[in-house]
Amino acid sequence: MTADEVASCDGLALQRRVLFSLCAAVFFLSQFYRASNAIIAPELQRDLSLTPESLGLLSAAFFYAFACAQIPLALFLDRLGARIIITFLTLLSSVGSLFFALSSGLYGGLAGRVLMGVGMAANLMGPLKLFTQWFSPGEFATLSGLLVGAGTLGALAATTPLALLVEIMGWRWSFITFSGLTTLLAAVFYLAIQDGPGAAAKTDNGMPKAAKLTANIRFILKKPDYWLISCGTFFRYGTFMAVQALWAGPYMIEMLHFTPVAAGNIIMLSNIGYVIGCSMGGWLSDRVLSSRKQIVLMGLGGMALSELALTLYCGGSHKLMLTGVFFCFGLFAGFGNVMYAHIKGIMPLEMSGMALTGINFFTMLGVGVYIHFMGWILDHLASGRQAGLDGYQASFFLTFLGVAAAGVAYLFTHESGEWSKS
């Protein structure tokens, strides 16, 4: 290899490291914004005069908006390229964070959460699309697992660190601060990232032809595996985030009488488990088992058992058990991230963006539905304005039923194309 070839390889390796780091950073913000309401829930209820049901709606608005944004994202991510889309939407989320910080009631808070949801909509699918251009197919599950694991540090930041920050400056100034950081990161991303190495960086800015677009949509919708994987991700991520991103906080603070920092510590452990699970699941899938389906099934099974244990938990002196349950809950939820590699391996490469965003629609829709529905249950089983323990146990049991059903359905999926013998 000549000196020029070595320099070229070194330059490409550096570009890939920068790409991965900035993709992890934008996904960090997405995870922070989606999970941030759990720790500040009591303050939101007080300052914005929210019932449990309206608190659920406020938190779910982020995920409903995020899910709806996947539809146009699926149509244009392959055509316009991830760089422009991520930059523009991330700037939009900074405006949403500012709106949220300045809100005085439910509707102002909803406007902020909707803008944040739309703004963060491309910060996982966009990086995954970039990975299909910059890395080999055999690296995809490992890299996507590492991305989610690294980005989930944002969810960690929304636990104990956010609780400490709120103690210092209040929740409003905390979100104003993150609005500024979001704007800065969007600018850096635009300046440093290309859609692909060399010629692959060029994107077709023309509108997709209606006939081809319609054919691609029909192809995906006729695939039974698309619907089975979508069902799996609806319940897997929907139940995990409904608990971790919102209801775990009020449950521990109001029902178990933990301090916000103590509750944040336990939620943080679930996020640590999720980071480990995402990275481990991708590595096991690529390097050990050579299977997407088996990893996902292990994840769904472990999640179902964790949710059943959470349903049966009665408080008291069993805090160590609760800590272990939350850690395992996050760990096995992280295994389910391999679903993205699963759908990518089943679909043609040129449809990867549409396929990934297609299942991501159900991923985020599941969170919105579960957060909102759990809030409805808690509100209708509440004593006065505060939810009761019976309401939490009933809502946790519904998370168990959903994930268990998704696990059974996932048995009927086919293995990813990388290893399928058929």
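The values are calculated or read from the model by the stated rules, or taken from the named source; none is laboratory data. Because the structure is predicted, anything quoted here is derived from the model rather than measured. Cβ: placed from backbone, ideal geometry, glycine included. Neighbour counts: every protein chain shown. These area figures cover heavy atoms from the full protein model, side chains too; ligands, DNA and RNA do not enter into them. Shrake-Rupley method; radii C 1.70, N 1.55, O 1.52, S 1.80 Å.
Would you pick out the residues in region 358-383 that are at pLDDT below 85 and either aromatic (F, W, Y) or more than 19 Å from N37 (Cα to Cα) (or both)? Result: G358, N360, W376, H380, L381, A382, S383. Annotation note: of S290, S279, the sole residue that is part of a helix (DSSP H, G or I), over 19 Å from S395 (Cα atoms) and not aliphatic (A, V, I, L, M) is S279. Summed over region 17-30, the residues that are surrounded by fewer than 17 Cβ atoms within 10 Å (Cβ to Cβ) and touching a residue at least 40 places away in the same chain (Cβ under 8 Å) give a count of 1. The condition of being at pLDDT below 85, aromatic (F, W, Y) and open to solvent by 10 Å² or more (accessible area, probe 1.4 Å) holds for only one of W283, W227, that being W283. From the list P52, P72, the lone residue that is over 17 Å from the mean Cα position of the chain (by Cα), surrounded by fewer than 17 Cβ atoms within 10 Å (Cβ to Cβ) and of a type outside the set (F, W, Y) is P72. In region 189-202, the residue that is modelled with the highest pLDDT out of those that are open to solvent by 50 Å² or more (accessible area, probe 1.4 Å) and in contact with a helix residue (DSSP H, G or I) (Cβ under 7 Å, 6 or more places away or on another chain) is Y190. Do we have Y33 as open to solvent by 10 Å² or more (accessible area, probe 1.4 Å), modelled with pLDDT of 90 or more and of a type outside the set (A, V, I, L, M) here? Against the criterion (open to solvent by 10 Å² or more (accessible area, probe 1.4 Å), modelled with pLDDT of 90 or more and of a type outside the set (A, V, I, L, M)), Y33 does not qualify. For F99, the stated conditions hold: it is open to solvent by 10 Å² or more (accessible area, probe 1.4 Å), over 23 Å from G358 (Cα atoms) and among the aromatic types (F, W, Y).
The set of residues from region 106-163 being among the acidic types (D, E) and in contact with a Leu (Cβ under 9 Å, 6 or more places away or on another chain) is empty. Scanning region 209-267 for residues that are farther than 25 Å from L365 by Cα, among the polar types (S, T, N, Q) and assigned to a helix (DSSP H, G or I) turns up just one, N265.
Residues in region 330-381 that are open to solvent by 20 Å² or more (accessible area, probe 1.4 Å) and not in a helix (DSSP H, G or I): 2 in all.
Determine, yes or no, whether S395 is open to solvent by less than 10 Å² (accessible area, probe 1.4 Å), outside any helix (DSSP H, G or I) and among the small types (G, A, S). For S395, the condition - open to solvent by less than 10 Å² (accessible area, probe 1.4 Å), outside any helix (DSSP H, G or I) and among the small types (G, A, S) - is not met. The helices (runs of 4 or more DSSP H) found wholly in region 75-177 and carrying at least 3 residues that are modelled with pLDDT of 90 or more and within 20 Å of the chain's Cα centre (by Cα) occupy 82-102, 106-119. Answer yes or no as to whether A65 is under 21 Å from F175 (Cα atoms), in contact with a Pro (Cβ under 6 Å, 6 or more places away or on another chain) and surrounded by 20 or more Cβ atoms within 10 Å (Cβ to Cβ). Here the answer is no, as A65 does not meet what is asked.
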